[in-house]
Structure formats: structure tokens, C-alpha cells
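Notes to accompany the following structure.
Read-outs throughout are calculated quantities, based only on the coordinates presented, and are distinct from any laboratory measurement. As the structure is a prediction and not an experimental result, all values here were calculated from the model. Positions of Cβ are backbone-derived with ideal geometry, glycine not excepted, and every protein chain shown enters the neighbour counts.
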């Protein structure tokens, strides 16, 4: 079996990279910086979706103000920063870079002043035709200064033709290709916009008398004391102002609905509601399906904490094998892929987990994980378990093999970097040093998530290559940034 230590010099990324988290707040009776404070705690609850930068924008009926900073939400803001964001409307963003590099320049929200309106916008997703749209903006005399597709979206909405929000957002949706869940603030209005495919989630909740909160996940609503009402529909625009809430349906009614199935597997917090169900429950069902499809004689079922905890519970329940914790996670080490610098990824893998020899010694262990991307962390985890005395290590993964990159807001890897590319399951098993390895089938995954083996209504392109819209086989998240630099050099 290969030595786990030799993988430590590799890119230690065995899970897909995060995308982003967005929050919007409308409080008709707000005073001082109430809305900004609620938005702050909302993006704090969404910290798992991105840890590179954070920002807020707020409107008080007269003007729109913005503040952004790099780092974790808790470190990005001081009390005085929130004090300088008064108003009853606010939006917030926590970022992982999927388009454009990890710099302060690309921190969101972005602000644009169009011919008739100034707005701030925060974006979760990835727009695959941003370069083409930037050229359109240039023809209108609008200059983009960053490498972010989100800036393109911001300017496009601010400069969109039309006198009403319905006209402007309809133009936006007919122009954009890709994934986008948006929150938008003007000096007095809040908008929530979800792309016609519904790739990324967006939830709506009530906050006190007449107040509303929009967030990437319902767990953020819980944290700020808002009551979850429903998920915003694919292609829907929600507009909230002093006249209340009104909604516009999708202007692209024939778009294929394609919710990201990886939100259920990994991204969303287990206490969030996605597609009408608790994420924890869906993950338990994934574990149950794994146990039924790939049983093995063992003494103990353990998760790779924390993202596989729920699936491991399901595997243990269905198999009758006792559940336990054989790995303790250092909760002060973030998800190792968040920091893009290679040196910190390596440090994160070395310090992220600690095994429990008293639990593992002499045991045949089933290790349940959420996914394997490059296959660089998994051998290290298996090595930890063996050195702690595990007699056998059987890996069960509650996602199918990842074979294709995501172009809709997840910075995953290139096709050549996936461990499953060109390898059989048996070859991957040998590569990671496990005694056995099994992946959940695509059909069983969809049945666990939606009680429908066909997968209708979900994007599973990372497993099947069946993208909801045509995409380039390889895309570069820094492509917009490079063209800006090239233009500047000319």
C-alpha cells in the first residue's frame, strides 16, 4: 500500500471548494445600523460557504454605503464599521473565489451607478458568458475594473433597459448564462433573484412585523431569528420595499431546473432546508443507501467529520454496525481547501484530524466520507487510522466518482486532476491505501435526495457530464482578470 505521507506535498483537496454565501435584509422599522447588523450575523452563519472575504452594503432611504474586507466574517468587521452602515436595507456576502482571484479588489458586494439607479449586488454562482457581457457593457461606456463575473452582473443590472424592476431583471436573466443567486440593495429596496435553472439555493424568511430576510441557506434565517417561509423559485425575482413584497416569475419558463445536488451532499449545513427537506435527513438516506449497496463486515462505522457525520449515522443504522467517532476534528482549522495558498493547505491536512487509538485499535472500520476529488487527503486519513491501530479500513463515499469540473459556482478541479479520471474503483482503492472502496451510485443519490432515481430537477454534471446548458470543457476562473490586465498593458 502507498505511504500516506507522500501525498502531503500534493494539493490537499479531497472535497470541492466552496462557492459563496449571500444575505439580504429589509427592516421597515429599523434604526441606526439594524439591517447591517442582521446581515452581519446572517453571513456569519454562512461562513462555511466561503472564508476569503466579506462585505456589507446598506441603504437608509437617502444613500447607499458599502464596506468590504478580506478574511473571516468575524475578523472583517469592527463595531465602528457596522455603525457606519445605517439603514433599513442591507445585503451581505462571504466569498470563495470562483471567478477572479482572492483579493480585496474582488470582495463583494459590488456597487454600480446606472443612468437611473445606484445599486449594490452580492452573487453566489458563476456566469459563464461574463466575457461577452463585459464587451456589451464596454459598448455602453461602462468599464469593469476587476476580474469578477459578479461585477459584470452588477453593472448589467444597473444599466439594464427598462423602467421597472420586472423589465430590468427580465433583461438580466435573458442575458446571463450560468448560475446566480443574487441579493440586491438600493437606498430603499431589497431584491432577491435566482437564476432560471435554480442551481444555487436562495431562501426567504419573515423578520418581525413587515421585515424580510433572504439568504443562501435557511440556517442563516434561523440564526438571526427570521421565520423560514419558502425557497425562492428558479427564475423568480422578489422585490421588497415600503409597499411590501411582490414577486415576478421567470422570464425564461422553458429553462431546465437543475438544482446543484452537491448542496445536498456537502455544501449546505445539515440544519438547512433544501428542496423542501432537511439536509441532514437527505444525508442520512445517502448513508442508508450506501449500506444497502455496499455492505461489508466491520466492527465500527466512523465519519470523516464533520461533513459526513449524517451519512455515517445512516450507514450505521442500516448496516447494524455500531457508530462511533474515530477521528476528532480540530474545529479551529478551516476547511483545508478554503485558503488557496498551497503551503497552508498542507498545514491544514496535517493538523485537521487526530485519531482515537482506544476506539480504533484492532477494529475493522468503515469510514464514510462525503466525496473524493483529487484523492490527496484521503490517503493521509487512512494512514492516521492504520497508525492508530485499525485492522481494516473500508471507505464508503456518499457521492459518485467526480469526473467533470463544475462551471456553476464551485471551484472543484480540472478533469485531469480528478483521481477518478482514467481509473477504476479498484485502482483508486489501491491508490488511497484502503482495504475496500465504494461510491454511492448516481441513481441512489437522487433517490436519497428527491425520492426519484431519474435525477430530474438536479444538476449532477460533475458525475455524469450532463450540464444543464452547454459549457466549455475547461474554463479558467482568472480569465476575466487576465483580459483586464492585458487591456491595461496595451
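Helical content alone sets the calculated 222 nm signal of the chain at -8000 deg cm²/dmol, taking -39,500 (n - 2.57) per DSSP H segment of four or more residues and averaging over every residue. Mean projected area of the convex hull spanned by the Cα atoms of segment 382-430, taken over all viewing directions: 4.6 nm².
For segment 19-63, compute Rh as the Kirkwood radius over C-alpha pairs and then the Stokes-Einstein diffusion coefficient at 10 °C and 1.306 mPa s; write the answer in µm²/s, rounded to an integer. Can you show the working numbers first?
Details: Rh = 11.4 Å.
The calculation lands on 140 µm²/s.
Each Cα pair under 8 Å and six or more residues apart adds its separation to the average, and for the chain the resulting relative contact order is 17 percent.
When Rg and the Kirkwood radius Rh are both evaluated on Cα atoms of the chain, their ratio Rg/Rh stands at 0.98.
Computing Rg and the Kirkwood Rh from the Cα coordinates of segment 188-323 gives a ratio, Rg/Rh, of 1.11.
Full extension of the chain segment joining residue 230 with residue 62 gains 57.4 nm, where the gain is 0.36 nm per residue of separation less the Cα-Cα distance. Against the chain, whose longest principal axis comes from its Cα atoms, helix 149-158 is set at around 30 degrees.
Taking every alpha-carbon pair under 8 Å whose residues sit at least 6 apart, segment 20-267 reaches a relative contact order of 21 percent. Annotation for residue 206 and residue 242: the two label points, set 7 Å from Cα along the Cα-Cβ direction, are 2.3 nm apart.
Distance from the Cα centroid of segment 193-261 to that of segment 39-74 is 18 Å (rounded to whole angstrom).
Over all Cα atoms in segment 372-465, the spread is summed up by Rg and Dmax: 14.6, 44 Å.
Length gained on full extension, residue 317 to residue 443, computed as 0.36 nm times the residue gap minus the Cα-Cα distance: 43.3 nm. Each residue, residue 456 and residue 425, gets one label point 7 Å from its Cα in the Cβ direction; the gap between the two is 2.8 nm. Ranking of 170, 216 by neighbouring Cβ atoms within 10 Å, starting from the fewest: 170, 216.
Extending 7 Å from Cα along the Cβ direction at residue 163 and again at residue 84 yields two label points whose distance is 3.9 nm. Each distinct pair of alpha carbons in segment 20-267 adds a 1/r term; the inverse of their mean, the Kirkwood radius, is 17.4 Å.
Ordering 85, 56, 72 from the fewest to the most neighbouring beta carbons within 10 Å gives 72, 85, 56.
Computed from Cα atoms, the angle from the helix 309-319 axis to the main principal axis of the chain rounds to 40 degrees.
Computing FRET efficiency as 1/(1 + (r/R0)^6) for residue 75 and residue 136, where r is the C-beta to C-beta distance and R0 is 45 Å, gives about 0.75. Relative to the longest principal axis of the Cα atoms of the chain, helix 479-489 runs at roughly 50 degrees. For residue 306 and residue 256, a Förster radius of 41 Å and the Cβ-Cβ distance give a FRET efficiency of 0.80, rounded to the nearest 0.05. Each residue in 315, 207 was given a count of other beta-carbon atoms within 10 angstrom of its own, and listing them fewest first yields 207, 315. Taking 0.36 nm per residue of separation and subtracting the current Cα-Cα distance, fully stretching the chain between residue 41 and residue 174 would add 44.6 nm. Summary of the geometry: segment 362-403 and segment 133-182, compared by the centres of their Cα atoms, lie 44 Å apart.
On the basis of the beta-carbon distance and an R0 of 51 Å, residue 416 and residue 356 show a calculated FRET efficiency of 0.90. When the alpha carbon coordinates of segment 106-213 are projected onto the principal axes, the ranges are 44, 30, 27 Å, largest first.
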